[in-house]
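Since the structure comes first, as C-alpha cells, the remarks are kept for the end.
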Amino acid sequence: MKPIVFLILLVSAGLVIGCQPPDPVREATAKLKPVEDTYVHAWNKGNLDTLNAICDPQVAAYVGMTSAYRGLDSLKRFIAGTRTMYPDFKVTVEEELYVGNHAVTRWTITGTNTVPGDFPPTGKSFKVSGLSLSRFVNGKLAEERLEYDRLYLLQQLGFKLTPPTK
C-alpha cells in the first residue's frame, strides 16, 4: 500500500471515530462513578471527612417513604451510628448504571450487631440486597432513594413480627 493511501485511510478512520456522537452513559459514568466509589468507601471505612468533597451540603436520603437523613452532618451521624452498631458493616456494589445526573446501584450490605445503638446488641449477622437511585447536582451527591427489605434484615438479627392483640 502506498504511504499516501495509508495516510488517507488513517485520517479518515480518525475522523469517523472522532465524529461519533457523545455516549451519555460513558460520560455520566466517568463523571459520577468516582463520587459513588468514594461514597461507598466512606460507608465501608468510616472516613467521613471524604464526604465533604462529594456531597451537597443539603444531601438527603429516603428509605422507602421514610426520610433517613437530611444534610451532610446528619449523613455523617447516620453512617457513624450504623458503623457503631455494626462494626463490620460493609457495602458491596453488585451492579451500577450511570445516566445523566443519576446512578442506579444494586448492592449488598452485611454486618454483625455487636454494639448497642437503636436497640441492644443481638450478636447476629445480616446480609441484605437492595437498590439505590442517586441524584447528583454539580457532580455531588444530592439525594439517595434506597429500597431494601428492612423486615428481612431485622428477622436475621433475631427480631420477630408479632400480630397485634385485640
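The values are calculated or read from the model by the stated rules, or taken from the named source; none is laboratory data. Bear in mind the structure is a predicted one, so any value in this text is a computation, not a measurement. Positions of Cβ are backbone-derived with ideal geometry, glycine not excepted, and every protein chain shown enters the neighbour counts. Side chains included, ligands, DNA and RNA excluded: accessible areas come from the protein's heavy atoms. Shrake-Rupley method; radii C 1.70, N 1.55, O 1.52, S 1.80 Å.
Quick notes on this one:
- In the range 121-138 there is no residue matching the filter, namely being assigned to a loop (DSSP other than H, G, I, E, B), at pLDDT 95 or above and touching a helix residue (DSSP H, G or I) at 6+ places or on another chain (Cβ under 6 Å).
- Residue check for Ser12: in a strand (DSSP E or B), surrounded by fewer than 13 Cβ atoms within 10 Å (Cβ to Cβ), modelled with pLDDT under 95 and not β-branched (Val, Ile, Thr): no
- Glu147 vs. criteria touching a strand residue (DSSP E or B) at 6+ places or on another chain (Cβ under 6 Å), among the acidic types (Asp, Glu) and open to solvent by 80 Å² or more (accessible area, probe 1.4 Å): yes
- Residue identified as open to solvent by 20 Å² or more (accessible area, probe 1.4 Å), outside any loop (DSSP other than H, G, I, E, B), polar (S, T, N, Q) and modelled with pLDDT of 95 or more among Thr105, Thr110: Thr110
- Any pair with Cβ under 7 angstrom, 6 or more apart, that starts in the range 140-166 at a residue that is in a helix (DSSP H, G or I) and ends at one that is surrounded by 12 or more Cβ atoms within 10 Å (Cβ to Cβ) and β-branched (Val, Ile, Thr): Tyr152/Val128; Leu153/Val128
- Tally of residues being over 17 Å from Thr66 (Cβ atoms) and among the aliphatic types (A, V, I, L, M) across the range 112-166: 6
- First in the range 71-82 and basic (Lys, Arg), second anywhere and surrounded by 17 or more Cβ atoms within 10 Å (Cβ to Cβ), Cβ under 6 Å, 6 or more apart: Lys76/Leu48
- Subset of the range 25-50 [without any contact (Cβ under 8 Å) to a residue 40 or more places away in the chain and either among the acidic types (Asp, Glu) or within 18 Å of Arg145 (Cβ to Cβ) (or both)]: Glu27, Asp37, Asp49
- For the condition over 30 Å from Val25 (Cα atoms) and surrounded by 14 or more Cβ atoms within 10 Å (Cβ to Cβ), Thr122 qualifies.
- Output for the range 76-94, where each listed residue is aromatic (Phe, Trp, Tyr) and either open to solvent by less than 40 Å² (accessible area, probe 1.4 Å) or not in a helix (DSSP H, G or I) (or both): Tyr86, Phe89
- Top-ranked residue in the range 125-144 [being among the polar types (S, T, N, Q) and open to solvent by less than 40 Å² (accessible area, probe 1.4 Å); ranked as farthest from Thr84 (Cα to Cα)]: Ser134
- Test: residue in the range 53-68 that is closer than 19 Å to Ala142 by Cα, part of a strand (DSSP E or B), at pLDDT below 95 and open to solvent by 40 Å² or more (accessible area, probe 1.4 Å): yes
- Odd one out for Leu97, checked against (1) touching a helix residue (DSSP H, G or I) at 6+ places or on another chain (Cβ under 7 Å); (2) open to solvent by 60 Å² or more (accessible area, probe 1.4 Å): (1)
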